[in-house]
Amino acid sequence: MASKPRTLYEKIWNAHVIERREDGTCLVYIDRHLVHEVTSPQAFEALRIAGRKLRRPDLTLAVPDHNVPTTARVDDAGNQLPIADPQSAAQLAALEKNVADFGIRYFDAVAPQQGIVHVVGPEQGFSLPGATIVCGDSHTAAHGGVGALAFGIGTSEVEHVLATQTLLLSPSKTMEVRVEGELGPGITSKDLILHIIGVIGTAGGTGYVIEYRGRVFDEMSVEGRLTVCNMSIEGGARAGLIAPDETTFAYLKGRPMAPQGADWDAAVAWWRTLATDPGASFDKTVVIDAADIEPCVTWGTSPEDVVAIGGAVPSPESFADPSKREAAQKSLDYMGLEPGTRMADIPVENIFIGSCTNSRIEDLRAAAAVLKGRRKADNVGWAIVVPGSGLVKAQAEEEGLDRIFTAAGFEWREPGCSACLGMNPDKVAPGTRCASTSNRNFVGRQGPGARTHLLSPAMAAAAAVTGRLTDVRDLGEA
Amino acid sequence: MKELAEIEGRAIPYGAKNVDTDVIIPARWLKTITREGLGEGAFETVREKHDNVFDDPEYAGAPILIAGDNFGCGSSREHAAWALLDMGVRAVIAPSFSDIFASNAFKNGILTVALPQEQVDRLLEVARTQPLHIDLEAQSVTTPMQDRFRFEIDSFRKHCLLEGLDEVGLTLERSDAITNYEQRQRSDAPWLAKGVNA
């Protein structure tokens, strides 16, 4: 008898269950663990206090990203510069001590491979299809772009993984987000995921793991898939998945930490079996028509507050749910926006191109393609590009992208999380607006009082040129 | 983890929906390397406005927080749970919680009580003048006005909270099963079993 058709999620989950308790909770094996400086110090502290060791230090990779300044890290003589903020410096020092004490592979702040954990993992071939991957960061969902079951965890879970290489988890429900048809010209993976979040809402995916399906994803690059899966958490889903395929294998082959030789062949053979079986059922299905998708921007303080660039700021009265009405009014007050204002009439003073959502080489190429031969508008004061890793930065420089950005009036920075969450000195000034390629437009996210509009790298570049939110398709030739 | 059986006291009637962890504790408070003292930064942006519920002396030291749908969405920062604990909060009542926040809360001995919106609305009203009582063993929230609402909780979490159990310690007792799994993986998926050398 043929076995019951299973989803990609069920296959990965089943392959990692060590044991199942009576109440359905499972002890699940974790194949790969990424660690950064912000959510790990208390985990290492707890291990020390309890006298516990790491079970598998060889399955963890550590890299600082949240706190590191994005200004020069070495002086002209090549000496490492100190970090000005004493608290950030202490957090980085704690990470350095912890990785040394516990024997963890580490890319330090000046290593060429340093970058945002979610950029570094796939880039190094550390993140693999069919693997369970965790990190003390909610955007770990990104690694689902290579077909890994990847999700964010809290610090107590970081400690649990370090000590046991497992987590106690309940199985998730499965949600299929099926995109039918093709994206229009100039519509990017970021527009797509913003549109999806606008449809399902920030809590729509709570309790679910999303699998993104449809030809759009089959034809998408791995970097685009990483962008889509990255923002699954903005739809409430702890993880997002896209089935690994030839595109994935070609992307991973030869990366430093990817399997080699016979291991590679055996791995690919297994990866080919992972895709959801025909006839497998999902607990919920959401169907999206790709033809409906326009370049998207956010107007409010929740990632579900999405509107097409050709649209206008909605009126709070337009929401049926009274609490949503109230939330919309609060959002508009915070954002300093009036209902009915055309999105394309909203001026922006800051541009941020970066974050684990959009800081890979394709993102920088897309932004540079718009900026080539152009300059930022006079009302745009602060415009920075923060590559996702040292390797992305080097690649961009080899292609001359850095010179396009600087000629356009952007600052070309060192890799890190930067103004996505403003833990380092990169913050958006209070009361000013930022066109940002990051993932969250929460109140105060990019700095106290900062007003964030989420959009794609090409759209951020277009906003820089005109000094207002702009449909990149209207810009024409430079 | 401190064991938890019953909670009696005032509840902060906050009620807001989609409260993200950036609101519970803004990023600038995340530069700490300890778990203590985060209560000072809790709900900082909400507290900038005068007459906010968090600074209302009526609710000073309240062990319960009542919020709206999707509480704790966004970032996975456990600092959100530590900040609540540092404020003295041991239970949060809301119609729903983000998955990661609920897990973080549990691991710090904070009870998350999910109740239907109309029951949460009733508790928001009562909490303005009266204390609430939560009984974990009975899985109930009661008020002096004779309201009694039953809530669901996963039996493993309930057991751990009642006993104050350390989950890492419990899992370490299963290390034979983990070792068996690792041995199996070494033959079935050697490419996964091979780690990255330090």
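Read-outs throughout are calculated quantities, based only on the coordinates presented, and are distinct from any laboratory measurement. Bear in mind that the values here come from a model prediction, so they are computed numbers and not experimental data. We place every Cβ from the backbone using ideal geometry, glycine too, and count neighbours over all the protein chains shown.
If you take all C-alpha pairs in segment A:30-90, what percent of them are over 13 Å apart? Cα-Cα pairs in segment A:30-90 separated by more than 13 Å: 72 percent. Translational diffusion coefficient of segment B:112-154 (Stokes-Einstein, Kirkwood radius from Cα pairs, 10 °C, 1.306 mPa s): 150 µm²/s. Beta-bridge orientation, chain A: approximately 25 percent antiparallel, per DSSP, counting only bridges with both partners inside. For the pairs A:Lys330/A:Lys427; A:Lys11/B:Lys17; A:Lys376/B:Lys31; A:Lys190/A:Lys427; A:Lys324/B:Lys31; A:Lys4/B:Lys107, note any where the Cα-Cα span goes beyond 26 Å. From A:Lys330/A:Lys427; A:Lys11/B:Lys17; A:Lys376/B:Lys31; A:Lys190/A:Lys427; A:Lys324/B:Lys31; A:Lys4/B:Lys107, over 26 Å: A:Lys11/B:Lys17; A:Lys376/B:Lys31; A:Lys324/B:Lys31; A:Lys4/B:Lys107. In angstrom, the C-alpha Rg and Dmax of segment A:297-474 are 15.7, 53.
Of the trypsin sites (Lys or Arg not before Pro) found in segment A:328-379, the ones in coil according to DSSP and having at most 15 other Cβ atoms within 10 Å of their Cβ are A:Arg375. Simple rule: put +1 on each Lys or Arg Cβ and -1 on each Asp or Glu Cβ in the protein assembly as shown, find the dipole, and look at A:Ala50, A:Trp270, A:Thr227; the Cα lying farthest toward the positive end is A:Trp270.
Under a model in which nothing but the beta-carbon of Lys, Arg (+1) and Asp, Glu (-1) is charged, segment A:192-326 shows a dipole of about 280 debye around its Cα centre.
Counted by Cβ distance under 13 Å from A:Thr25, the other residues give a net charge of 0, where Lys and Arg count +1 and Asp and Glu count -1.
Amide H contacts under 5 Å for B:Thr112: B:Val92, restricted to partners 5 or more places along the chain or on a different chain, H placed in the peptide plane at 1.01 Å from N. When you work out D = kT/(6 pi eta Rh) for segment A:324-406 at 25 °C and 0.890 mPa s, using the Kirkwood radius from C-alpha pairs as Rh and the Stokes-Einstein form, the result is 165 µm²/s. Evaluated over the Cα positions of segment A:110-180, the convex hull gives a direction-averaged projected area, one quarter of its surface, of 6.4 nm². Per-residue ellipticity at 222 nm computed for chain A from its helices equals -9000 deg cm²/dmol, with DSSP H segments shorter than 4 residues left out and the rest contributing -39,500 (n - 2.57). Projecting the Cα positions of A:Phe107, A:Leu337, A:Tyr29 onto the charge dipole of chain A (unit charges on Cβ atoms of Lys, Arg, Asp and Glu, taken about the Cα centre) puts A:Tyr29 furthest along the positive direction. The trypsin sites (Lys or Arg not before Pro) of segment B:43-97 that DSSP puts in a loop, and whose beta carbon has at most 13 other beta carbons within 10 Å, are B:Lys49. I'd like the distance separating the alpha-carbon centroids of segment A:146-170 and segment A:89-123, in whole Å. About 18 Å separates the Cα centre of segment A:146-170 from the one of segment A:89-123. Each 10 Å bin from 0 upward holds the following percent of the Cα-Cα pairs of chain A: 4, 21, 31, 27, 14, 3, 0. Stretching the chain fully between B:Ala5 and B:Asp121 yields a gain of 39.3 nm (0.36 nm per residue, less the alpha carbon separation). Computed on the Cα trace of segment B:43-198, the radius of gyration divided by the Kirkwood hydrodynamic radius gives Rg/Rh = 1.10. Above 19 angstrom, tally the Cα pairs of segment A:8-169 and express them as a % of all pairs, no decimals. That fraction is 55 percent.
For segment B:136-198, the set of GluC sites (Glu not before Pro) satisfying both a DSSP loop assignment and a count of at most 13 other C-beta atoms within 10 Å is given as B:Glu137, B:Glu152, B:Glu173.
Peptide A:437-443 is shielded by partner chain Cβ atoms: per residue, an average of 3 of them sit within 10 Å of its Cβ.
Computed log10 I(q)/I(0) for segment A:396-478 at 0.21, 0.24 Å⁻¹: -1.09, -1.27, from the Debye equation with unit scatterers placed on every C-alpha and solvent omitted. As a proxy for reagent exposure, B:Leu162, A:Leu34 were ordered by neighbouring Cβ count within 10 angstrom, fewest first; the result is B:Leu162, A:Leu34.
Rg and Dmax of segment B:1-113, based on Cα coordinates, read 12.7, 35 Å.
Report the local net charge at A:Asp378: Lys and Arg +1, Asp and Glu -1, summed over other residues whose C-beta lies under 14 Å from its C-beta.
Local net charge: +3.
Size descriptors for segment A:403-443 (Cα atoms only): Rg and Dmax, in that order, 11.5, 33 Å.
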